[in-house]
1. Considering Leu113, Leu102, Leu117, Leu82, which residue is among the hydrophobic types (A, V, I, L, M, F, W, C) and over 25 Å from Leu255 (Cα atoms)?
2. Answer with yes or no whether Ile164 is assigned to a helix (DSSP H, G or I), open to solvent by less than 20 Å² (accessible area, probe 1.4 Å), within 18 Å of Arg302 (Cβ to Cβ) and touching a residue at least 12 places away in the same chain (Cβ under 8 Å).
3. Looking at the stretch 77-86, can you tell me whether even one residue there is under 26 Å from Glu27 (Cβ atoms) and charged (D, E, K, R)?
4. Of the residues that sit in the stretch 242-291 and are assigned to a loop (DSSP other than H, G, I, E, B) and either in contact with a His (Cβ under 8 Å, 6 or more places away or on another chain) or at pLDDT 80 or above (or both), which one is most open to solvent (accessible area, probe 1.4 Å)?
5. Before we move on, is Gln11 within 21 Å of Ser185 (Cβ to Cβ) and either out of contact with any strand residue (DSSP E or B) (no Cβ under 7 Å at 6 or more places or on another chain) or open to solvent by 60 Å² or more (accessible area, probe 1.4 Å) (or both)?
6. Taking the stated definitions as given, is Gly142 touching a helix residue (DSSP H, G or I) at 6+ places or on another chain (Cβ under 8 Å), surrounded by 17 or more Cβ atoms within 10 Å (Cβ to Cβ), on the phi < 0 side of the Ramachandran plot and not basic (Lys, Arg)?
7. Only residues that are open to solvent by 90 Å² or more (accessible area, probe 1.4 Å), under 15 Å from Gln305 (Cβ atoms) and not hydrophobic (A, V, I, L, M, F, W, C): list them for the stretch 120-137, please.
8. Which ones in the stretch 160-206 are closer than 20 Å to Leu76 by Cα and of a type in the set (Phe, Trp, Tyr)?
Amino acid sequence: MWDEEYDLRRQAKQDFRRLAIALILQEALLVLTAYSIQDVLVQYHWWRDPSLSTDAMYDILMNSGLDMIAASLVGLAVVLILLGRRLRRTERGERMRIPQFLLAIVALNGIQLLSMLVTIPIENFVESLGYSLEQATEISTGASVTVSMFVYSIVIAPLVEELIFRGAVQRWLLPWGRGFALFASAALFGLMHTNLVQLPVAIGCGLLLGYIAQRYSLRASILVHAANNLSVELISLLPDEWDAVWMAYSIMMLLSAAYLLYWCLTRRREMVEWCRGEGFPVTRWFLTSIPVLVLLAIYIVRTLQSAVPV
């Protein structure tokens, strides 16, 4: 038994090390590519209009999706090269039908509302320390104002994020337990956003999308993710004066949250059984891997940087 556990631990450590290295390289190349393209955009726009202020240039860069599109694709290529050999699914999942697809969208809306129970205390705590999450909130909730950012939001981001975190990462961890793979990939997905405001909702959405990818297919999780992002974009376009529409939307969000809670409570035993592992301490092995700790440190530091001094 001891020899078996030793061999499994060694194999797990190798898997976790390779995973962490892949995500560290992905993060480094993503940042490097994004900053390189931003520098090119800055030079281009100042060449066209030397009178542009720093604030105006910042707005241009924030509203351009070109840097994130290119950076995301570069990061995806790195992850697929290092982890892609487990991307192909061996067993066939269930087929997601339209009612299940719509219920998944409803559940994502419920997660967004319930995450406020965590986000609001985080914002209050950060403000008590003399920092602000206003910029982080704007980034996480602002609507796309350019075609490139809109394309990134509803096409590139869902495709790349699902391929990386529900595809490569989750399936890379799947041999060590469905529950472990689900929760670990969701946590990494949340931290990857490097935004304290987005962290709770991203982890919650990561859990649901991970469940969809495992039970149904990666294609299903991509479509649900894209549909959710599209709905967020469309809702953000509604005028503030449409009180009746906003009231209806608020009621829908409350009903979505209630449905999600009901679903979880009525299926809690099934969920616990579904997530049950093989009895080996894979979480401890994961959290004692040096490359994993380095990756988590990078994510956490970048996430904390989303809080800026007042």
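The values are calculated or read from the model by the stated rules, or taken from the named source; none is laboratory data. Because the structure is a prediction, the values reported are computed rather than measured. Every residue, glycine among them, receives a Cβ derived from its backbone with ideal geometry; neighbour counts consider all protein chains shown. Only protein heavy atoms, including side chains, enter the accessible area calculation; ligands, DNA and RNA are left aside. Shrake-Rupley method; radii C 1.70, N 1.55, O 1.52, S 1.80 Å.
1. Only one candidate qualifies: Leu82.
2. Criteria met by Ile164.
3. Yes, that holds for at least one residue.
4. Trp242
5. It is true that Gln11 is within 21 Å of Ser185 (Cβ to Cβ) and either out of contact with any strand residue (DSSP E or B) (no Cβ under 7 Å at 6 or more places or on another chain) or open to solvent by 60 Å² or more (accessible area, probe 1.4 Å) (or both).
6. Against the criterion (touching a helix residue (DSSP H, G or I) at 6+ places or on another chain (Cβ under 8 Å), surrounded by 17 or more Cβ atoms within 10 Å (Cβ to Cβ), on the phi < 0 side of the Ramachandran plot and not basic (Lys, Arg)), Gly142 does not qualify.
7. Tyr131, Glu134, listed by residue number.
8. Phe165, Trp172, Phe189, listed by residue number.
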